[in-house]
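Heads up: the structure comes next, in structure tokens.
The values are calculated or read from the model by the stated rules, or taken from the named source; none is laboratory data. Quantities reported herein were computed from a predicted structural model and do not represent experimental measurements. Methodologically, a virtual Cβ is constructed for each residue, glycine included, from the backbone with ideal geometry; neighbour enumeration extends over all protein chains shown. For the accessible areas, the whole protein counts, side chains as well, though only heavy atoms, and no ligand, DNA or RNA atoms are used. Shrake-Rupley method; radii C 1.70, N 1.55, O 1.52, S 1.80 Å.
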Amino acid sequence: MPICCYCCVLCAEGEFSIRTDMESCMQCPEDQWPNDRKDGCLLKAIEFLSYSDSLGVTLAAAAIIFSVVTAGVLGIFIRHRDTPIVKANNRGLSYTLLVSLTLAFLCSLLFIGQPSTFTCLIQQAAFGIIFAVAVSCVLAKTITVVIAFNATRPGRKLSRWLGPWMSGSVVLLCTLGEVAICVSWLLTSPPHPGTDMHSETGKKILLCDMGSITAFYAVIGYMALLAFASFIVAFLARNLPDKFNEAKLITFSLLVFCSVWVSFIPAYVSTKGRYMVAVEVFAILTSSVGLLGCIFIPKCYIIVFRPNINTRERLTSCGHL
């Protein structure tokens, strides 16, 4: 072969050439990608978890449906507030928990759609604080069950701890811890709109930059700490007499809740782009459904379909709370 000749090779991924036989290819700007012929650059396709694609629509529809269901359960509890099954389970805590679950379903909508300064700033804080209220209510319910059982034993003077001030104090103090984390996060390194140019070839992914990933995991970790404490107390109280079997329902609900968020971390870390957002929304929905289904659906079944056993005598003898 003559020494003047050489073989042409295609430009590498992300590079282009304006003519053949160039000695080297040129790199496209960060927000552009080579066309099919690799002789020019095109703007990268913009992508985010939107209401126009099937994944976003499915998650948004699920969030709205479950929020309506939760509001319906709240309506049932308010309408039957003077029945034994509602009175036996601390009406104030039940109302607060149902309202927080409704808001939890609705706050997942903040994660869908094109990220903006407002949505990025508020979505994680709203998620953390709302879930802190919900898990704090579950913790207060669990403590109330344990105190109620021990107060019936001879020689115990625990009845003074059964007032609404005790459960309200537990919810307030536990929630303030999450509020402090979120406020410090927003003041020091708040989330803001950002772009991901490298996760998917030829695509520019719009998302919310966390600002401080440490603060994000602190929010998740504090919520996990509350859930773990509630689970331990409920698990230890699961063998109380049947009329206190609220602890069993709480144990099952927190088992589902903890399982979802334990599996969330590896799933969140291993995904990229809009699927990271979808994983978080899915975790919010499934954990909220776990709390709603395990704690309230059995009670709603008795209230609506078995009103004949919604009496103090039947509840005490059958062990349904």
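A compact table of results
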item: Qualifying residue in segment 207-215 (condition: surrounded by 21 or more Cβ atoms within 10 Å (Cβ to Cβ), closer than 30 Å to Trp33 by Cβ, within 21 Å of the chain's Cα centre (by Cα) and aliphatic (A, V, I, L, M)); result: yes
item: Conditions (1) over 37 Å from the mean Cα position of the chain (by Cα); (2) without any contact (Cβ under 8 Å) to a residue 24 or more places away in the chain; (3) open to solvent by 50 Å² or more (accessible area, probe 1.4 Å); number of the one not met by Ile65; result: (1)
item: Residue tally, condition at pLDDT 85 or above and at positive phi, over segment 260-288; result: 0
item: Those residues of segment 46-62 which are touching a residue at least 60 places away in the same chain (Cβ under 8 Å) and either farther than 29 Å from Thr286 by Cβ or open to solvent by 40 Å² or more (accessible area, probe 1.4 Å) (or both), in sequence order; result: Ile46, Phe48, Tyr51, Leu55
item: Selection status of Val279, within 18 Å of the chain's Cα centre (by Cα), farther than 22 Å from Ser94 by Cβ, aliphatic (A, V, I, L, M) and open to solvent by 30 Å² or more (accessible area, probe 1.4 Å); result: yes
item: Those residues of segment 26-45 which are surrounded by 13 or more Cβ atoms within 10 Å (Cβ to Cβ), assigned to a strand (DSSP E or B) and touching a residue at least 40 places away in the same chain (Cβ under 8 Å), in sequence order; result: Trp33
item: Lone qualifier among Phe228, Phe257 - being closer than 23 Å to Leu59 by Cα, at pLDDT 85 or above and either in a helix (DSSP H, G or I) or open to solvent by 60 Å² or more (accessible area, probe 1.4 Å) (or both); result: Phe257
item: Cβ pairs under 6 Å, 6+ apart, first in segment 9-22 and free of Cβ contacts under 8 Å to residues at least 24 places away in the same chain, second surrounded by 10 or more Cβ atoms within 10 Å (Cβ to Cβ) and not in a loop (DSSP other than H, G, I, E, B); result: Glu15/Gln27
item: Count of residues meeting criterion [over 21 Å from Ser230 (Cβ atoms), in contact with a helix residue (DSSP H, G or I) (Cβ under 9 Å, 6 or more places away or on another chain) and open to solvent by 30 Å² or more (accessible area, probe 1.4 Å)] in segment 88-114; result: 3
item: Residue among Gly155, Gly202, Gly194, Gly177 that is farther than 24 Å from Leu101 by Cα and modelled with pLDDT of 80 or more; result: Gly194
item: Looking only at segment 71-87, and only at residues there that are modelled with pLDDT under 90 and surrounded by fewer than 16 Cβ atoms within 10 Å (Cβ to Cβ), the one that is farthest from Val133 (Cα to Cα); result: Asp82
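Matching residues to (1) without any contact (Cβ under 8 Å) to a residue 24 or more places away in the chain; (2) out of contact with any Phe, Trp or Tyr (no Cβ under 9 Å at 6 or more places or on another chain); (3) closer than 30 Å to Glu47 by Cα:
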| residue | (1), (2), (3) |
| --- | --- |
| Glu178 | no, no, no |
| Ser184 | no, yes, no |
| Lys203 | no, no, yes |
| Leu206 | no, no, yes |
| Asp209 | no, yes, yes |
| Ala224 | no, no, no |
| Phe235 | yes, yes, no |
